[in-house]
Every structure is written in C-alpha cells, then in structure tokens.
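All remarks here apply to the structure that follows.
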Amino acid sequence: MTSSILWFLAQLKPNGFERASVNLERQEFQTFMPIREMLIRRGRSSHKSKQPLFPGYIFVGTERVNPNWSSINSTLGISRLVSFGKNEPAPIPEQ
C-alpha cells in the first residue's frame, strides 16, 4: 500500500517563505512554491526574474492522516492555513 501526499494551502507572512519553508520541513512537512520566469522591462533594458506563481502562499504537503493544524498555524513565517468554509483546511484536489 502506498501513501499519498495531501497538499494544503497556507498564507505566508510578508517575506516569510524562507522561514516558513525551513520550519515546516523541520516538522516533517513538505513544501512547494511554484515559480515562473518573467521578463522584466525597465526602460530600454530587460532581464529575467523568477517570481512566485501565487505570491504570498505556500503549499504544505503531508502523508499524515490527521496533521497537527496548530503546529502549522504557529510556524514562523505562516499567517494561517487556508480553509474553505470549514473549521479544518481542506486538501487541494490533485488535479
């Protein structure tokens, strides 16, 4: 039997990605932030820059059946877990 990872969405505090990522991984959660490459133009010059696809948010993955929500919510760099009308966060659909 293989275990699958459930992904949840957490809102970051300002400039909290690095801090949140390190602290979540210490708690044995996985993290993911999709990045896209953008072309930034200033005047006549331009350069490529990597920017988050969803600024201010990080995906948190776990194989645990009942993750400790309070430990995620109290993680440095995390503002809150995103929930969809429930008291508990809902997993993000795989598709």
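Any idea how many residues of the stretch 69-95 are surrounded by fewer than 10 Cβ atoms within 10 Å (Cβ to Cβ) and of a type in the set (Gly, Ala, Ser)?
2
Which residue is least open to solvent (accessible area, probe 1.4 Å), if the candidates are limited to the stretch 16-66 and must be more than 20 Å from Ile5 (Cβ to Cβ) and in contact with a Gly (Cβ under 7 Å, 6 or more places away or on another chain)?
Gly16
The values are calculated or read from the model by the stated rules, or taken from the named source; none is laboratory data. Keep in mind the model is a prediction, meaning the values are calculated, not measured. Backbone-built Cβ (ideal geometry, glycine too); neighbour counts: all protein chains shown. Please note that ligands, DNA and RNA were not included when accessible areas were found on the heavy atoms of the full protein model with its side chains. Shrake-Rupley method; radii C 1.70, N 1.55, O 1.52, S 1.80 Å.
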